[in-house]
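Q: Below is a structure I'd like to ask you about.
Taken together, the values in this text are just the output of simple stated rules run on the coordinates, not laboratory data. Given the structure is predicted, the values throughout are model-derived calculations rather than measurements. We place every Cβ from the backbone using ideal geometry, glycine too, and count neighbours over all the protein chains shown.
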Amino acid sequence: MLTTERKLNLLSAPAYQHPGGRLLAQGEAGLSNTELLAIILRTGTAHETALHLAERILAHFNGLYGLSQASAADLQTDYYDLGVTRIAEIVAVFELSKRLMRTPPNDRPIIGSAADAAQYVADMGYLTQENVRVILLDSSQRVIAAPTIYVGTINMSVLRIAEIYREAITRNSPSIIIAHNHPSGDPTPSPEDVELTRTLAAAGRLLDITLVDHLIIGQQQWVSLRDQGFLT
């Protein structure tokens, strides 16, 4: 019976050949997704190297994005023989990446453009359900908070305008930005999105709270309804 010590290991090759050595010598930008994943895996199995295992995992999940959406249960199969520790490490790496994208460089970043706002909520592009967030801004356009106020299929029959503006009123926020995601990855506004934007803007005028923008977040792309001319 083959033992763990006999499993194929990245470190069995000279340092300049295995991905970890290449990363230290040449920098991480020059490594492929397969090589970076192999570094996380560290070892292969009794029958394949870590590089081959990484390549097989990425192929099964249709690339890096698909793997980023995989749960621990998706990876916990004899087909990969990863073990609890390596599964946890893979899931943790992607979770940290998602958190980094929504972590501002300081406690209260300034939102000066639609691009700033889209970057602040970029992690929404990885969500598998529709979410609505409200970015609350102070008079200097600094973020006060960005609570998620709704999860599920978005339509006017279930999304109440009062819920969207409640946090702004409670926290004395003079302006807000609405962001919601399209799990399909396509951020093209629907007629319902346009109707929601106009309804929210009208309600904001009554409450003396400015709706600065409504962003739709897709996979690595986004749309500003203000830039599209639906919010003036």
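Q: Report the residue, chosen from 203, 73, 50, that carries the largest GNM mean-square fluctuation when the chain is represented by alpha-carbon nodes joined by springs under 10 Å.
A: In this elastic network of the chain, the residue with the biggest mean-square fluctuation among 203, 73, 50 is 73.
Q: Relative contact order, percent, of the chain when contacts are C-alpha pairs under 8 Å separated by at least 6 residues?
A: Dividing the mean separation by the residue count of the chain yields 13 percent.
Q: On to the next question. What order do you get for 99, 86 when you list them from fewest to most C-beta neighbours inside 10 Å? Kindly include the intermediate steps, with their values, before the conclusion.
A: On the way: 99 10, 86 18.
The most exposed by this proxy come first: 99, 86.
Q: With Cα extents along the principal axes in Å in mind, check [x] 53, 45, 35; [y] 50, 42, 32; [z] 74, 36, 30 and report the label derived from this structure.
A: Structure-derived value, by its label: [z].
Q: Okay, next question. Would you order 128, 43 from fewest to most other beta-carbon atoms within 10 Å of each residue's own beta-carbon? Write out the running numbers ahead of the final one.
A: On the way: 128 8, 43 18.
The order, fewest Cβ neighbours first, is 128, 43.
Q: Of 130, 95, 28, which has the largest mean-square fluctuation in a 10 Å C-alpha GNM of the chain?
A: Looking only at 130, 95, 28, the biggest GNM fluctuation is shown by 28.
Q: Return 60, 180 ranked ascending by Cβ neighbour count within 10 Å, so the fewest neighbours appear first. Provide the component values of the computation, followed by the final result.
A: Details: 60 16, 180 24.
Fewest-to-most Cβ neighbours within 10 Å comes out as 60, 180.
Q: If you don't mind, there's one more thing I want to ask. Mind computing the radius of gyration and Dmax over the alpha-carbon atoms of the stretch 114-224? Å is fine for both.
A: Looking at the stretch 114-224, its Cα Rg and Dmax stand at 12.8, 35 Å.
Q: Gaussian network model of the chain, Cα springs within a sub-10 Å range: biggest mean-square fluctuation belongs to which of 179, 201, 162?
A: Ranking 179, 201, 162 by mean-square fluctuation puts 162 first.
Q: Non-local amide H neighbours of residue 175 (under 5 Å, H modeled in plane, Pro and chain starts lacking H): which ones?
A: 137, 210
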